[in-house]
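Contents: one structure, followed by commentary.
FYI, it's all coordinate maths here, none of it is from the lab. Note that the structure is predicted; figures quoted are calculated from it, not measured. In this analysis, Cβ positions are derived from the backbone assuming ideal geometry, glycine residues included, and neighbour counts consider all displayed protein chains.
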Amino acid sequence: MQTLYRKYRAANFDQLIGQDHIVKIIKQSIIENRISHAYLFTGPRGTGKTSLARLLAKVLNCKDISPAGEPCNKCSSCNAINKGNFMDLIEIDAASNRGIEEIRDLKEKINFLPVEGKKKVYIIDEVHMMTTEAFNALLKTLEEPPQNVIFILATTEPHKLPLTIISRTQRFDFKQADNKSLNQKLKYIIDSEGFSIDEGALELIIRAGQGSFRDAETVLEKVLSSVDNGKNSKTITRSNIENILSFVSIEVVRNFIEALIANDLNRSLEVLHKVWEDGMNLFQFTKEVLDEVRVQLLKKVINPGANNQNKKLIMIIKEMNQASNEMKNNMLNILPVEIAIFNIVSDELPINKETKGITARNSVIKSEVPKDINPKITQEVKKEVKEVIPDKKQEKVIEEKIEDKKVIIQKDNSNIEEQFKKIKENWSEILIKVREFNHFLTAILTSAKLDIKEGEIVFSVNSTFHKKRLDNVETKKILQKIIQELTGENIDFQCIIQKVDLKNDSAMNNEKMVEDIFN
């Protein structure tokens, strides 16, 4: 029994769908008898390169070519090629016959006359796999082959071919199959096999084909083989495709995307874990999410009022694409997707480090100027600070001038210490209150160390991942609100990474491993 893509391989040029620009040139050259000695067919997999090469071999050996340049499919040569036993059609797989010895063998046999037909046709598939020595050995033969020999080279990676080979051939670039062409070909096969199919189901098969006729036909064959041939079961539905190919339903995918857009962490994780527990392929799930988000983004691009949502959709694409790449090398393939969800829902915008440093220096200068300082000196210092531009040389000049005026600045830490004391006293209640908002945040705060450094309340954590979570704008607002409710103090805090000796602390070794996985 033949596979579908071989059974329904194009028997003439009119049946070759999606490559009209190439078919037109080939047919015209046949009609005018302007046949090249060597052709190069390039393009993505499953787009018809080998099919067209076989068609060209068939028409060159056909005994009754039509006026339109089509093979008759009735003569002995056409029938032999259709059955795959034509002796003058030699197909070589360059992936397994890539060395100089194979090319030498070819050069020895090439001078023999055709056995059955008018032309001896060599189809070398995946020609880019040949070695440099093999290409060099082929050059002269390819440039001046015997009169009755035609070479057809096929490859998916033409950039790997030497220019000396490309320049000796007539090159044709095949296009990736579009949805319209795939739809036309698949419907023809389904009708010929005696089945019917829903539009939604056909759309899924086309999507799974990824621009390849062969891939789409292989998926269709799997579906047709899985559908029960009993009474009233000749119709293929979308649910059939989803079950057979382990696709997640479009409703689940859209629900997941809606949860991400709404920053609903719990709902997003629930959908993901349900998909995982049902045994669905997570890599396929992320691909379906990316496909759907891309469709939604393209629809919203023309709507100027949907700017914020567009940014969110772009963020989802970036994070989910990164997660799908990390899944390949991760021991727990759900972990990168969970991290992607945390990043998307947090909606954290990067802070410009240079701007942050300037703001911090300005605030320190303002806070450290005491009230009882000499007014005359204060005015001079303020004037110098106002004129400052964030440049290291100017900062140095200001520091020297302030030092010359012997301005002694002392910082009052009594208020900070009082706030720190209240937080320490109410720490347990703060953790309980935080748990109502976010369990994950509670776990971070439990392992964090509270301290005062350089006149600021500081949370010391052990990983960049925890620091990123605490530095999040929304997280900071929630924590400040809870502390104010329990202590009556409106405080600000900073988060730093605590340096620890991981060799002597097994617990920290475990956390380092988790951090490495998350990063």
(request) Using θ = phi - 60° and the Karplus relation 6.51 cos²θ - 1.76 cosθ + 1.60, list the HN-Hα couplings for segment 319-331 in order, rounded to whole Hz, with x at every Gly or Pro. (result) 5, 5, 5, 5, 4, 5, 5, 6, 4, 5, 10, 10, 5
(request) Sort Ser96, Ser51 so that the residue with the fewest other Cβ atoms within 10 Å of its own Cβ comes first and the one with the most comes last. (result) Ser96, Ser51
(message) 5 Å is the cut-off here: which amide hydrogens, built 1.01 Å from N in the peptide plane, fall below it relative to Ile197, excluding neighbours closer than 5 in sequence?
(response) Ile236
(request) Can you tell me the order of 81-91, 8-18 when each peptide is scored by its average per-residue count of other Cβ atoms within 10 angstrom, highest first? (result) 8-18, 81-91
(request) Take every Cα pair under 8 Å in segment 8-114 that's 6+ residues apart, average their separations, divide by the length, and report that relative contact order as a whole percent. (result) 21
(request) Over segment 250-346, calculate the relative contact order: mean separation of alpha carbon pairs under 8 Å at least 6 apart, over the residue count, as a percent. (result) 35
(message) Need one number: nm distance between label points at Asp492 and Asp278, each 7 Å from Cα along Cα→Cβ, rounded to one decimal.
(response) 4.8
(message) Between segment 207-228 and segment 80-122, what is the separation of their alpha carbon centroids in Å?
(response) 32
(request) Step through the table entries Lys312/Lys433; Lys24/Lys58; Lys83/Lys109, compare each Cα-Cα distance with 20 Å, and write down the pairs that go over it. (result) Lys312/Lys433; Lys83/Lys109
(request) Pairs of Cα atoms under 8 Å, at least six residues apart: use those to get the relative contact order of segment 179-245, whole percent. (result) 38
(request) Net charge near Leu113: determine it from the other residues with C-beta under 13 Å of the C-beta of Leu113, scoring Lys and Arg +1 and Asp and Glu -1. (result) +2
(message) To make sure I understand, if each residue's beta carbon is the centre and we count other beta carbons within 10 Å, what order do Cys72, Cys62 fall in, fewest to most?
(response) Cys72, Cys62
(message) Filter Lys7/Lys222; Lys222/Lys300; Lys424/Lys467 down to the pairs with a C-alpha to C-alpha distance above 24 Å, please.
(response) Lys222/Lys300
(request) Enumerate the amide H contacts of Ile124 below 5 Å, restricted to partners 5 or more residues apart or on another chain; note that Pro and chain-start residues carry no placed amide H. (result) Ile92, Ile152, Leu153, Ala154
(request) Compare the peptides 197-206, 289-298 by average per-residue count of other Cβ atoms within 10 angstrom and give them in order, highest first. (result) 197-206, 289-298
(request) State, to one decimal in nm, how far the label point of Lys63 lies from the label point of Arg435, with both points 7 Å from Cα in the Cβ direction. (result) 9.0
(request) May I ask for the net charge around Leu60, where only other residues with Cβ less than 9 Å from the Cβ of Leu60 are counted and Lys, Arg are +1 while Asp, Glu are -1? (result) +3
(request) Give me Lys187, Lys287 ranked fewest to most by other Cβ atoms within 10 Å of their Cβ, as a rough exposure proxy. (result) Lys187, Lys287
